[in-house]
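Data first, discussion second: the structure below is written as structure tokens.
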Amino acid sequence: MPRGIPHKKPEAPTAVDAILRVKRLHPLAQIPKYQTTGAACFDLHSVSDTMAIPAGQARTVDIGLAFDIPDGHVLMVYSRSGLGFNHGLRLANGTGVVDSDFTGGVVVRLHNDSAELYAVHTGDRVAQAMLVKLPKVVLQEVDTLAQTARGASGFGSSGK
């Protein structure tokens with residue numbers, strides 16, 4: 001392609017792989033949506049009243065939604081990268097795992113790693129989530145494991 005001519009990505013197929021049913025539990029709850037066509041996750045918005053998260057502390061934020069997660073799937077909830085990079089906020093539990101048999105309201109707990117107070121307002125995008133199809137696995141107890149070059153070496157054993 002000649003220099004200076006922008007490359008346009010081809011449009012992705014629009015086939016639907018799963019339907020995630022969403023129930024509003026709060027009148028201000030926003031049905032999640034993808035912010036861009038290439039987004040892996042959809043955003044989750046706060047319905048909590050404005051709350052301050054002091055430096056070094058955590059607060060629970062309600063998103064006002066429950067999900068009917070299809071069998072064989074899990075809803076994975078992650079921190080929003082902009083909140084982490086720009087404000088030092090992250091999910092207190094790292095990553096949220098919402099199992100398909102849980103139908104209660106989903107909340108997130110945000111931890112403020114910065115030295116500044118952070119305020120969360122109603123409607124703010126506080127986390128992101130994706131629906132993931134799970135493989136079916138059988139756990140099998142064994143007496144020995146396969147031998148590899150690395151073996152049991154861990155925690156920095158492969159270099160920087």
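The values are calculated or read from the model by the stated rules, or taken from the named source; none is laboratory data. These numbers come from a predicted model, not from an experiment. No Cβ is skipped: glycine too gets one built from the backbone with ideal geometry, and neighbour counts run over all protein chains shown. Ligands, DNA and RNA are excluded from the accessible area calculation, which covers all protein heavy atoms including side chains. Shrake-Rupley method; radii C 1.70, N 1.55, O 1.52, S 1.80 Å.
Structure above, values below:
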| item | result |
| --- | --- |
| Cα-based Lys pair tally, the chain, threshold under 30 Å, eight or more apart or on separate chains | 9 |
| Around residue 69: net Lys/Arg minus Asp/Glu count, Cβ-Cβ under 12 Å | -1 |
| MRE, 222 nm, helices only [DSSP H, n ≥ 4, -39500 (n - 2.57), over the chain, to nearest 500] | -1000 deg cm²/dmol |
| Label-to-label distance, nm, for residues given as residue 134 and residue 97 (7 Å Cα→Cβ offset) | 0.8 |
| Length-normalised contact order of segment 20-160 in % [C-alpha pairs under 8 Å, at least 6 apart] | 31 |
| Convex hull volume per residue in cubic angstrom - Cα atoms of the chain | 249 |
| Contour minus Cα-Cα distance for residue 31 and residue 116 (0.36 nm per residue) | 27.6 nm |
| All Cα pairs of segment 61-115, percent lying beyond 19 Å | 34 |
| Percent accessible area from carbon and sulfur atoms, the chain, protein chains only, probe 1.4 Å | 54 |
